[in-house]
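Peer 1: Once you've had a glance at the structure underneath, I'll fire off some questions.
The values are calculated or read from the model by the stated rules, or taken from the named source; none is laboratory data. It should be emphasised that the depicted structure is a prediction, and the values quoted were computed from it without experimental measurement. Ideal geometry is used to build each Cβ from the backbone, glycine not excepted, and the neighbour counts take in all protein chains shown. In case anyone asks, the SASA skips ligands and DNA or RNA and just uses the protein heavy atoms, side chains included. Shrake-Rupley method; radii C 1.70, N 1.55, O 1.52, S 1.80 Å.
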Amino acid sequence: MKKQEESDPVETEVVQPEKLVEDEFRKREEDLERREQQLREEQRRLEDARVYGDRVPNFPPIPSFFPCEPCVYHNIDFDIPPEHQQSVRRVFYHWQLTVFCYIFNFVVCFAMICSMGTKAASAFGLSLLYAALFIPLSFLTWYRMLYNAVRQDSSMRYMLFFFTYGFQIFVSGIALLGVSGGGFAGWITAFATLEDNSALGVLGIINALAWCANCLIAVYLIMQIHKTYRSTGQSMEKASGEFAASAGSSRSFGQAVLRSL
């Protein structure tokens with residue numbers, strides 16, 4: 001009996017460390033499972049945000065003290081697949097160049113009306129209209145269209161991008177010519193004013209060169225985007241199907257186009 005009683009404390013001392021090890025192992029295992037669950041939930045949240053667009057608008061970047069707020073969410077690194085980010089970023093840079101061209105064209109036309117008076121009134125008024133109208137429209141109708149086309153792999157948006165970007169190339173061609181009184185201080189207007197006012201003529205030449213660069217870059221980019229369009233398996237048939245489905249669900253042509261923006 002004494003031997004049996006003496007052996008009990010030994011067994012207790014052996015069993016207790018084993019139980020502590022098992023409890024510690026169980027706690028670590030539960031902690032790892034909890035962390036894995038948290039990672040899965042975070043990954044699912046990010047994926048849902050990417051697919052369903054649950055994102056806070058951050059573009060254009062407007063200071064907090066301004067009365068207006070950003071309109072859209074813009075994040076190329078997050079929204080655009082890595083293999084297409086360079087192309088989308090190049091088009092974004094071209095949009096920024098386009099904004100500069102419209103603003104600089106307005107500045108040149110403003111200098112014209114200051115120097116020439118009412119003779120340049122129509123050019124000044126149209127340049128202001130072009131800047132106010134085409135800057136936001138260019139973002140929505142061709143840059144944003146390409147952004148969503150690549151993000152959602154949409155043939156319909158690709159086709160709308162080609163149409164609106166082609167119109168932008170046409171406008172750039174008109175701008176670099178610069179017909180007198182047309183609202184663009186391009187080559188024709190620059191050389192017409194160069195004799196009377198050399199400084200104004202130089203500004204016109206710079207403006208014409210900027211529009212030339214704008215047009216050439218746009219032609220290069222639309223060719224590159226078309227190669228991407230063909231390589232990703234997009235087609236007119238897919239675009240027609242998407243447009244029919246979008247028009248059928250929105251019940252009108254205008255709503256279908258607005259949904260594609």
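Peer 1: Ignoring ligands, DNA and RNA, how do Phe106, Phe162 rank by accessible area with a 1.4 Å probe, largest first?
Peer 2: Phe106, Phe162
Peer 1: May I ask you to evaluate 6.51 cos²θ - 1.76 cosθ + 1.60, the Karplus curve with θ = phi - 60°, for each residue of the range 142-157 and list the ³J(HN,Hα) values in order in whole Hz, giving x for glycine and proline?
Peer 2: My calculation for the range 142-157 gives 10, 6, 5, 5, 5, 3, 6, 5, 6, 5, 9, 6, 10, 5, 4, 5 Hz in order.
Peer 1: Report the convex hull volume per residue for the range 61-133, counting only C-alpha atoms, in Å³.
Peer 2: In the range 61-133, the Cα convex hull volume per residue is 118 Å³.
Peer 1: Please list Val21, Val171, Val202 in order of solvent-accessible area, largest first, computed with a 1.4 Å probe with all protein chains present.
Peer 2: Final ranking, largest accessible area leading: Val21, Val202, Val171.
Peer 1: If you line up the Cα atoms of the range 140-198 on their principal axes, what length do they span on each, largest first, in Å?
Peer 2: Largest to smallest, the principal-axis extents are 54, 15, 12 Å.
Peer 1: Also: Assuming 0.36 nm per residue, please report the length gained on full extension of the stretch Glu83 to Ser240 beyond their Cα-Cα distance.
Peer 2: 54.0 nm
Peer 1: Further question on the same structure: Could you state how much accessible area Trp187 has, in square angstrom rounded to the nearest 10, with a 1.4 Å probe and all protein chains kept in place?
Peer 2: 70 Å²
Peer 1: Over the range 108-176, average the accessible area per residue using a 1.4 Å probe and give it in Å², no decimals.
Peer 2: Normalised by residue count, the accessible surface of the range 108-176 is 41 Å².
Peer 1: Here's a follow-up. With all protein chains present, calculate the accessible area of Ile174 using a 1.4 Å probe and round the result to the nearest 10 Å².
Peer 2: For Ile174, the solvent-accessible surface is approximately 70 Å².
Peer 1: Another question, if that's okay. Given the protein chains as shown and a 1.4 Å probe, how many square angstrom of Thr141 are accessible, to the nearest 10?
Peer 2: About 40 Å², ignoring ligands and nucleic acids.
Peer 1: Viscosity 1.002 mPa s, temperature 20 °C: Stokes-Einstein D of the range 77-213 from its Kirkwood Cα radius, in µm² per second?
Peer 2: 136 µm²/s
Peer 1: Using Cα centres only, tell me the gap between the range 196-244 and the range 133-177 in whole Å.
Peer 2: Here the answer is 8 Å between Cα centres.
Peer 1: Rank these residues by their accessible area, most exposed first, probe 1.4 Å: Tyr73, Tyr165.
Peer 2: So the residues, ranked largest to smallest area, are Tyr73, Tyr165.
Peer 1: If packing is taken as the average count of other Cβ atoms within 10 Å, what order do 146-156, 113-123 fall into, highest mean first?
Peer 2: 146-156, 113-123
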